[in-house]
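Peer 1: This is the structure, below, for whatever I ask next.
Values quoted throughout were computed directly from the atomic coordinates according to the rules given, and no laboratory measurement underlies them. Predicted, not measured: the structure shown is a model, and the values here were computed from it. So basically every Cβ, Gly included, is an ideal-geometry build from the backbone, and we count neighbours across all protein chains shown.
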Amino acid sequence: MGRVPDPVVVELANDISAIEKAVENFVQWCGRACPDRRRLLLNFRVGLTEALSNAMLYGNGDDPEKTVLVELSIDGGDLHVRITDQGRGFDPSSLPDPRTPDNITKPGGRGIFLMRQLMDEVRYNASGNSVTLVMREIVGRGPLRRP
């Protein structure tokens, strides 16, 4: 186990139609090192899809000139993925709870709620334009490698 010295770093065009293929590539990269296929195929896939969608649609304002940076790394048995957009950021604590009766029909906030439910840890940088998703104790032996 241990730390992989160099994370897998990918810069994605700000194109929501590319999310599905990008997520599949990240799942394949992680698949060799992550024996817990169920959590990888559900929790990681959905959490990463939501984070990329938020970065592209809200963070980058659907601007095709901007990009999203994705960094995957292993630390001990934990999988970390950081998604950074080129937007101004936001305050994640300002989002209302999408489960309350007043918010149940309002759009927005559900993706972050899902990420928080599916991942072991979700943290934002100070400006709110970068989110790190962590899945604890999911990684077995072997580094992340491109398929």
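Peer 1: Could you work out the Rg to Rh ratio of segment 8-135, with Rh taken as the Kirkwood radius (inverse of the mean 1/r over all Cα pairs)?
Peer 2: Across segment 8-135, the Cα-based Rg/Rh ratio is 0.96.
Peer 1: Can you sort D85, D97, D15 so the residue with the fewest Cβ neighbours within 10 Å comes first?
Peer 2: With the sparsest Cβ surroundings first, the list reads D97, D15, D85.
Peer 1: Per the Kirkwood formula on distinct C-alpha pairs, the Rh of segment 28-89 is how many angstrom?
Peer 2: Computed over segment 28-89, the radius equals 12.7 Å.
Peer 1: Less than 12 Å from a label point 7 Å out along the Cα-to-Cβ axis of Q86: which backbone N atoms in segment 39-71 qualify, by residue?
Peer 2: 60-69
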